[in-house]
């Protein structure tokens, strides 16, 4: 885990080979100032597939008038050489959504 916003709705992660990504929970949820979000890690912590990083209260998000979409994006698209699969759908925890080739910076 590279960093966490103080509002706990955004975190940055870095893979072992240097691929950086941002995970952003909700649309407008910054206005909740962290209410309903729980981090299950500390910045700098290593994690692996299946580890719980964050939990959030979907009902509280929608009750406050915000969307509960989870958005993930890569911060170095110029280093992505090939993307073999992208599924634009609702996914369950642990499901693979894409396979990519990345030019490592390390």
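Can you name the residue in region 59-93 that is in contact with a helix residue (DSSP H, G or I) (Cβ under 7 Å, 6 or more places away or on another chain) and not in a loop (DSSP other than H, G, I, E, B) and, of all such residues, is surrounded by the fewest Cβ atoms within 10 Å (Cβ to Cβ)? The extreme case among them is 68.
Just so you know, in region 43-58 the residues that are under 16 Å from residue 30 (Cα atoms) and either modelled with pLDDT under 90 or outside any loop (DSSP other than H, G, I, E, B) (or both) include one that is farthest from the chain's Cα centre (by Cα), and it is 58.
Scan region 6-33 residue by residue and report those that are part of a loop (DSSP other than H, G, I, E, B) and exposed (fewer than 15 other Cβ atoms within 10 Å of the Cβ).
Let us first name the residues in region 6-33 that are part of a loop (DSSP other than H, G, I, E, B), namely 6-9, 15-19, 28, 33.
6, 15, 16, 17, 18, 28, 33 - these are the residues of region 6-33 that are part of a loop (DSSP other than H, G, I, E, B) and exposed (fewer than 15 other Cβ atoms within 10 Å of the Cβ).
The values are calculated or read from the model by the stated rules, or taken from the named source; none is laboratory data. Computed from a predicted model, the values in this text were never measured in an experiment. Positions of Cβ are generated from backbone atoms using ideal geometry, with glycine treated the same way; all protein chains shown enter the neighbour counts.
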